[in-house]
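Enquirer: Submitted below is the structure of interest, expressed as structure tokens.
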């Protein structure tokens, strides 16, 4: 078996898959692909490549449209999937539409080390973008509170949360900022917007990502599959063989 790997795939970044294919006597050739990262070599593809070669013309990715009907697009992480679904949504959607318009069954194979093996389990993902956003927001909130700090407001804050109010002012201040670390992030976000502080947009939540994936599957016929990096090489071949 011979598979084609899109030239846009960075060499050396997919070592686990390539080692698996080598162990299975599967050869890999790199060409520009119109859709996805991997397709199986067939007679139609060979014919196009041969005719271009004889004419001394470089193969362009759209030259292979109409020569295959299954393609696998791999994502090296959940973060890359997030980027495609959110930050590069239009470009990603256009690729799905291109596959649909040309009768290509496109699979999005999402490799990850977090143990996510199906769409619904994406709800369990700890998105690093969200963590960084929350940390940055809380830091900004704390800095603002340091500038606006007033003893009477701090006491009222502690009393409202049933936190014992210390006798001396410095201890009140310490307890106040200790308590700020436990304030819910949504409460902080609402407060920052209320006082007019401009801040980066909150990352899309996991449930919204899940809904987007299901919508894309229904609308464009694409199928999303999740696996570990060690499983990816085998699954790519199974998908291309339609097994």
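The values are calculated or read from the model by the stated rules, or taken from the named source; none is laboratory data. Keep in mind that this is a model prediction, so the values were computed, not measured. Note that each Cβ is placed from the backbone with ideal geometry, even for glycine, and that neighbours are counted across all protein chains shown.
Enquirer: Going by what's in this entry, would residue 140 be described as in contact (Cβ under 8 Å) with a residue 60 or more places away in the chain and out of contact with any strand residue (DSSP E or B) (no Cβ under 6 Å at 6 or more places or on another chain)?
Expert: No.
Enquirer: For region 94-101, indicate whether the set of residues that are without any contact (Cβ under 8 Å) to a residue 40 or more places away in the chain and within 25 Å of residue 241 (Cβ to Cβ) is non-empty.
Expert: Yes; the residues of region 94-101 include at least one that is without any contact (Cβ under 8 Å) to a residue 40 or more places away in the chain and within 25 Å of residue 241 (Cβ to Cβ).
Enquirer: Look through region 45-56, keep the residues that are surrounded by 13 or more Cβ atoms within 10 Å (Cβ to Cβ) and without any contact (Cβ under 8 Å) to a residue 40 or more places away in the chain, and return whichever of them is farthest from residue 228 (Cα to Cα).
Expert: 52
Enquirer: Also: For region 62-78, give me the residue count where each residue is in contact (Cβ under 8 Å) with a residue 60 or more places away in the chain and surrounded by fewer than 20 Cβ atoms within 10 Å (Cβ to Cβ).
Expert: Matching residues across region 62-78 total 2.
Enquirer: So, one more: Could you check region 84-99 and list, in sequence order, the residues that are out of contact with any strand residue (DSSP E or B) (no Cβ under 6 Å at 6 or more places or on another chain) and either closer than 16 Å to residue 211 by Cβ or buried (at least 19 other Cβ atoms within 10 Å of the Cβ) (or both)?
Expert: Within region 84-99, 84, 85, 86, 89, 92, 93, 95, 96 meet the criteria.
Residues checked against (1) surrounded by 15 or more Cβ atoms within 10 Å (Cβ to Cβ); (2) in contact with a strand residue (DSSP E or B) (Cβ under 7 Å, 6 or more places away or on another chain); (3) assigned to a loop (DSSP other than H, G, I, E, B); (4) modelled with pLDDT under 95:
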residue: 208; (1), (2), (3), (4): no, no, no, no
residue: 214; (1), (2), (3), (4): no, no, no, no
residue: 217; (1), (2), (3), (4): yes, yes, no, no
residue: 224; (1), (2), (3), (4): yes, yes, no, no
residue: 230; (1), (2), (3), (4): no, no, no, no
residue: 233; (1), (2), (3), (4): yes, no, no, no
residue: 236; (1), (2), (3), (4): yes, yes, no, no
residue: 239; (1), (2), (3), (4): yes, yes, no, no
residue: 243; (1), (2), (3), (4): no, no, yes, yes
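Enquirer: So which of 33, 4, 59, 81 is assigned to a loop (DSSP other than H, G, I, E, B) and buried (at least 19 other Cβ atoms within 10 Å of the Cβ)?
Expert: That would be 33, the only listed residue that is assigned to a loop (DSSP other than H, G, I, E, B) and buried (at least 19 other Cβ atoms within 10 Å of the Cβ).
Enquirer: Do we have any residue at all in region 11-25 that's out of contact with any helix residue (DSSP H, G or I) (no Cβ under 6 Å at 6 or more places or on another chain), surrounded by 14 or more Cβ atoms within 10 Å (Cβ to Cβ) and part of a loop (DSSP other than H, G, I, E, B)?
Expert: yes
Enquirer: Still on this structure: So residue 157 ticks every box in (1) modelled with pLDDT of 90 or more; (2) not assigned by TED's automatic domain parsing to the domain that holds residue 103 but one. Which box is left unticked?
Expert: (1)
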